[in-house]
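The values are calculated or read from the model by the stated rules, or taken from the named source; none is laboratory data. Bear in mind that the values here come from a model prediction, so they are computed numbers and not experimental data. In this analysis, Cβ positions are derived from the backbone assuming ideal geometry, glycine residues included, and neighbour counts consider all displayed protein chains. Heavy atoms of the whole protein, side chains included, go into the accessibility calculation; ligands, DNA and RNA do not. Shrake-Rupley method; radii C 1.70, N 1.55, O 1.52, S 1.80 Å.
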Amino acid sequence: MPTLSRTRKNGRKWARAAAITAAAGLAMGVAAVPASADVIEIPVGYTVTGSTVVKKTGSAMALGPGNLDGALIIDDQTGSVGLRADLTLPPSQANISLVSGIFKIKAKVKITPTGPATGTIADGTLTTHAQANMEIYDIWAGLLVPVIPLPTVPGSCKASKPLDLDLSAKDVDIFGPKITVTGTYTIPDFKNCFIADLALGALVSGPGNTISLDLAAKTEG
């Protein structure tokens, strides 16, 4: 597969950029699409897996497998390289242990992006931004084993505002087999969770939570 280890220098001629893009598109088995006379879009797709760790409890939650599908955007006039893609993730299972593991909580967590993820590539560094809603449901708690359900209305127990997810990776090969992006984010307070509002706020809401996502390039065929 072709590589793009750093952004193209400013002032590249259209013919050269078109040739590079066409070669990349052919090698990937997809068509490179000129969005305009100055912008070239190369379709890209990744399978997404990873994990996030809540700072307050130290508990880790697996994420994915999901999908990130979009396009690499090259501006022939400025030399800038960007990324625009749609992220989808399945619900995840959160497991929290408190009081030296005596009290346990489990719940389903659904992260739903509010729109496409965007990004830029400069000097070999990929920087991305996305916003996502966080919903928690199917909450259970108990001593040693979480067997007591906490009442919530389906679709209502959510973070009070979207998560801001700013992730980055250095020395990126955008067409390589895998890219790992990492970052930290804040979990807002929760609302419409009935008696779980205060508990969730005390247990998970706050800054300094970490996230790591592995983006594995999809193969054609």
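Things worth noting here:
Yes/no per residue for (1) closer than 17 Å to Ser59 by Cβ; (2) within 21 Å of the chain's Cα centre (by Cα); (3) aliphatic (A, V, I, L, M); (4) at pLDDT 90 or above:
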| residue | (1), (2), (3), (4) |
| --- | --- |
| Ala132 | no, yes, yes, yes |
| Ala169 | no, yes, yes, yes |
| Lys178 | no, yes, no, yes |
| Gly208 | yes, yes, no, yes |
| Ser212 | yes, yes, no, yes |
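- None of Val181, Val145 is open to solvent by less than 20 Å² (accessible area, probe 1.4 Å) and among the aliphatic types (A, V, I, L, M) except Val181.
- Any hit, the range 105-127, residues being in contact with a His (Cβ under 7 Å, 6 or more places away or on another chain), open to solvent by 60 Å² or more (accessible area, probe 1.4 Å) and of a type in the set (Val, Ile, Thr): yes
- Meets criteria (more than 29 Å from Asp164 (Cβ to Cβ) and modelled with pLDDT under 95) for Gly11: yes
- Qualifying residue in the range 137-144 (condition: under 21 Å from the mean Cα position of the chain (by Cα) and not basic (Lys, Arg)): yes
- Test for Phe175: is it of a type in the set (Phe, Trp, Tyr), in contact with a Cys (Cβ under 8 Å, 6 or more places away or on another chain) and either surrounded by 14 or more Cβ atoms within 10 Å (Cβ to Cβ) or in contact (Cβ under 8 Å) with a residue 12 or more places away in the chain (or both): no
- Condition check for Gly50 on (1) in contact with an Asp or Glu (Cβ under 6 Å, 6 or more places away or on another chain); (2) farther than 22 Å from Thr180 by Cα; (3) small (Gly, Ala, Ser): one failure, at (2).
- Listed by position, the strands (runs of 3 or more DSSP E) enclosed by the range 39-98 that each have at least 2 residues that are under 19 Å from Leu126 (Cβ atoms) and open to solvent by less than 20 Å² (accessible area, probe 1.4 Å) are 39-53, 60-75, 81-88.
- Under the condition of being in a loop (DSSP other than H, G, I, E, B) and closer than 27 Å to Leu98 by Cα, the residues counted in the range 158-170 number 3.
- Looking only at residues of the range 201-214 that are open to solvent by 20 Å² or more (accessible area, probe 1.4 Å) and part of a helix (DSSP H, G or I), we find that the one that is farthest from Asp138 (Cα to Cα) is Ala202.
- All positions within the range 99-130 that are assigned to a strand (DSSP E or B) and under 16 Å from Gly66 (Cβ atoms): Lys108, Val109, Lys110, Ile111, Thr112, Pro113, Ala117, Thr128, Ala130
- Scanning the range 185-200 for residues that are touching a residue at least 24 places away in the same chain (Cβ under 8 Å) and part of a strand (DSSP E or B), we see that the one that is most open to solvent (accessible area, probe 1.4 Å) is Lys191.
- Residue pairs whose Cβ atoms lie under 6 Å apart, separated by 6 or more positions or on different chains, with the first residue in the range 137-157 and closer than 22 Å to Ile111 by Cβ and assigned to a strand (DSSP E or B) and the second β-branched (Val, Ile, Thr) and open to solvent by 40 Å² or more (accessible area, probe 1.4 Å), are Ala141/Ile148.
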